[in-house]
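Comments concern the structure below.
The values are calculated or read from the model by the stated rules, or taken from the named source; none is laboratory data. In this text, all values refer to a predicted model and were calculated from it rather than measured experimentally. Cβ: placed from backbone, ideal geometry, glycine included. Neighbour counts: every protein chain shown. Protein only, heavy atoms only, side chains kept; ligands, DNA and RNA dropped before computing areas. Shrake-Rupley method; radii C 1.70, N 1.55, O 1.52, S 1.80 Å.
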Amino acid sequence: MNDPERAWRTAYRHPMPWDTRFTPQSMVELFDAAATEARQQPLIDFLGRTYSYAETLDGANRVAAGLQALGYGPGDRIGLFLPNVPHYVAAYYGILKLGATVVNFSPLYTAQELAHQVADSGTKVLFTLSATALLPTALQVLDSSGLERLVVGSIAGALPPTKSLFYRLFRGKEVAKRPDDARITAFSALIRNDGAYEKPEIVPERTIALIQYTGGTTGTPKGAMLTHQNLTANARQVIGLDPLPGTEDRILGVLPLFHVFANTCVLNRTVANRGCMVLLPRFHAGQVLAALGRTAATALPGVPTMYQALLDDPKVGDTDFTHLRVCVSGGAPLAAELKAKFEATTGAQLVEGYGLSESSGVISCNPYEGAGKSGTIGQPLPGTRVRLVDKDDPHRPPPEGEPGEIVAAGPQIMLGYWNRPDADADVFITDAEGTRWLRTGDVGAIDDDGFIRIVDRLKDMIAVGGFKVFPSQIEAVLYRHPAVKEALVIGLPDTYRGEHPRAYVTLDDGATATPEALAAWLNPQLGKHERVDQVVIRTALPKTMVGKLSRKDLIAEVMAEG
């Protein structure tokens, strides 16, 4: 189809019109408007303790005032080295109120990884917790980098009183002692003020709200510069997918807020919709099911491995899913078999979406209600344009009927990479009309109804004797085998063909299969150049910090094994 945008004008299935324009809005305006309108409504449910919009607004104002009193202001980079806790929300919006830039860091980072990104971003202040899993790492970085100050919160202080006492009595080994150091400020001391601060000027389309480091599938992670408008637009775009915006809204926030998926789909989108976030500090299938039952959550964003883990939990059959209206899967391809099984078990709708750090989180999604298309990433969000370009020359369209690299344009597309103009030149193309398009690195096709199907990543393609093999296509076949739970296909060096595919799988609990039987079942269903040399059965496959299968880490493991 020569003009895919024609399909979205005539066959668009999201409630908000595709050509909607999003007026400039700062994150401060978005947050303050929500907090003013929904003052006494709960914004956060943290393990049973609730925080209203008014309380969270007061906390954010006090964070801004405390940081300003310490001499920080517009343009300063201030990091969050935190799990999903109330401190994150107050610090996040407080930093933005100051006109400063949030830098997200994974709580799973080593000291070396954290120090590298602190140095790269020029982060001056780091928020963390007095937890043994966090504080020692942060202290190492404080002593070995340009970091000026730590702000350290207490997890016990965020819990309900009875749970707080239990935590102090029985989980003390998880608490690290905060050193007596002038460079370290207690979170409680930082917010010991009246919340009055001098408000800076924020230009939504130019002021950088967030530096979000990419997952780093290849090479060194790069910091995507996301403006206030990028983030507020994406939050409003995601709300535009909901056929019932503004209705009962309790979202289960177990995806880590430091990740761009959760930053938009759990945090910013929920605030913009005046909803409530049920925050869990880490993913544990039993705890997620218990939280669903306790809070009657209406939405559950996640990655495919998370939904599989919920199905595997013995308590899934005892969980009440009747309030759960929609689950959005992202981060990795959603197998049709997993989608069907989850929907049959829970009665909830499970839809697949797609996005990148560079797009503030979301580019496209299947409709929440009605006729979506399994195996696709849906249609573009309102205000988002998507095209295909030639895989070898992004300045021309792909040959008729062939897949191409997916490129996107819209108000959620990043300003560029932090201090990396060389990388900007590689990732952006500008057309004859002056529109700037983001190259996603994903290869896809667009059907006549405007639904986008990802074929594979450009960098994941396996070169077999001059042919391009897409590992995801082989994985899709493997998922059809009743014994296969997870699958990854990688390319390995081959002196004759250049590379050859090899499959790695895990099996469902109780399932039995041999590597030879799986290979004998798989290969007849593939083209000759796609056939694997063997299927390797493992007890586990490597996953990223967000829980999606990691092809990069599997390749590293296999190559290290020799």
Calculated FRET efficiency for the pair residue 508/residue 453, C-beta based, R₀ 25 Å, to 0.05: 0.45
Order of exposure, largest accessible area first, which applies to 342, 470 with probe 1.4 Å: 470, 342
Calculated FRET efficiency for the pair residue 9/residue 426, C-beta based, R₀ 41 Å, to 0.05: 0.85
DSSP beta bridges in the range 227-364 [antiparallel fraction, %, rounded to 5]: 10 percent
Length released on extending from residue 479 to residue 537, taking residue separation times 0.36 nm less the Cα-Cα span: 19.5 nm
FRET efficiency estimate (nearest 0.05) - Cβ-Cβ, residue 183 to residue 50, R0 45 angstrom: 0.85
Cβ charges +1 (Lys, Arg) and -1 (Asp, Glu), total dipole of the chain, debye: 1220 debye
Most to least packed among 358-364, 83-89 [average Cβ atoms within 10 Å]: 358-364, 83-89
Residue 132 long-range amide H proximity, modeled H, under 5 Å: 175, 176
Fully extended contour minus Cα-Cα distance, from residue 494 to residue 110, at 0.36 nm per residue: 134.8 nm
Accessible area in square angstrom per residue, the range 75-152, 1.4 angstrom probe: 25 Å²
Peptide ranges 346-352, 243-249 listed from the most packed, as the mean C-beta count within 10 angstrom indicates: 346-352, 243-249
Length added when fully stretched, residue 318-residue 556, from 0.36 nm per residue minus Cα-Cα: 81.7 nm
30 Å Cα-Cα reach of residue 543 towards lysines, excluding residues that sit fewer than 8 places from it in its own chain: 173, 222, 315, 339, 341, 373, 391, 459, 468, 485, 528, 552
Within the chain, percent of DSSP bridges classed antiparallel, to nearest 5: 60 percent
